[in-house]
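Report on the structure given below.
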Amino acid sequence: MSPYRIFRMLLLRWHRRIGVVAALFVVVLVVTGIAINHSDDWGLDKKPLKQGWLLKHYGIPSPVLRSFPLNKPLNSGAWLSQLGDGLYLAETQIGSCDSPLLGVVVLPDTIAVLCAGRLQLFTPAGEKLDDISESLGLPRGAEALALDGEAVLLRTPAGVIAFDPRSFMFSAMSVEGVAWAAPALAPPIIQRSLLDQYRGSGLSWERLLLDLHSGRLFGSIGVYIMDLAAIALLLIALSGVWVWVSKPGRWKRPS
């Protein structure tokens, strides 16, 4: 057998093998390419990712949800929660706090929220009334809240301090058996809603498709693999043309 025929058979054999390997990448490129072209029509650019394993792959950690029940005078079943830096009344963000949420109490027309170093006051509808930091008079080291009539009690290393939300005055007091506000597990529906809001922000299905299409979903190795797949497709095209052109008798004129 001539070297030409050997080379042609070898090229045909590898053409098939490369084609089988590249088929999977062709499917991925075609499916993701079509989805990316129609991402606006299908709303993929606005639909957030919620799958925990995918978000973990992107380095978005599972946040710690800390919640306090809000009973009377608000409707029973209301909750105030902290997720990341956000403060949420039920499922609606009403403010922010960059330190841990330590306590929440409810007065007739005010919700008092204590974060480390900050005491914030909100209306029952979630509108912010005031923000008192340690530089504005909040006792240092306040770590818990409770109610005594219409006075807000703060537990501090120096003892119990009473806060009057009408006069904005702080005063030391002696009291025992205080029922300090304690965190609890919010209902599953609130937990899911807040976690979906937090995890899904800024990461859409369109971003996932773009990263899968380019191989970036798997880091730098994925990019090189997609580069090799592109080269493989080029080799398939070139070898296919060569095999077709070089077929014996292809260019003989009929007698």
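The values are calculated or read from the model by the stated rules, or taken from the named source; none is laboratory data. The shown structure was predicted, so the numbers you read here are calculated from the model rather than taken from an experiment. Because the Cβ atoms are built from the backbone with ideal geometry, glycine has one as well, and the counts that use them run over all protein chains shown. Ligands, DNA and RNA are stripped out before the accessible areas are found, and what is left, the full protein with its side chains, is counted by its heavy atoms. Shrake-Rupley method; radii C 1.70, N 1.55, O 1.52, S 1.80 Å.
Here is the figure for segment 30-49: residues that are open to solvent by 50 Å² or more (accessible area, probe 1.4 Å) and under 28 Å from residue 232 (Cβ atoms) total 5. Quick check, is residue 190 exposed (fewer than 12 other Cβ atoms within 10 Å of the Cβ), over 16 Å from residue 103 (Cα atoms) and within 29 Å of the chain's Cα centre (by Cα)? No: the conditions fail for residue 190. In segment 206-220, the residues that are closer than 16 Å to residue 45 by Cβ form Cβ pairs under 8 Å with partners that are open to solvent by less than 80 Å² (accessible area, probe 1.4 Å) and of a type in the set (Asp, Glu), at six or more places apart or across chains, as follows: 206/45. What about residue 135, is it hydroxyl-bearing (Ser, Thr, Tyr), open to solvent by 40 Å² or more (accessible area, probe 1.4 Å) and within 19 Å of residue 98 (Cα to Cα)? The answer is yes for residue 135. Residue count for segment 231-255 under the criterion of being more than 12 Å from residue 18 (Cβ to Cβ) and either surrounded by 10 or more Cβ atoms within 10 Å (Cβ to Cβ) or modelled with pLDDT of 75 or more (or both): the result is 5.
Per the conditions (1) among the polar types (S, T, N, Q); (2) under 17 Å from residue 78 (Cα atoms); (3) modelled with pLDDT of 95 or more, the sole criterion not satisfied by residue 110 is (3).
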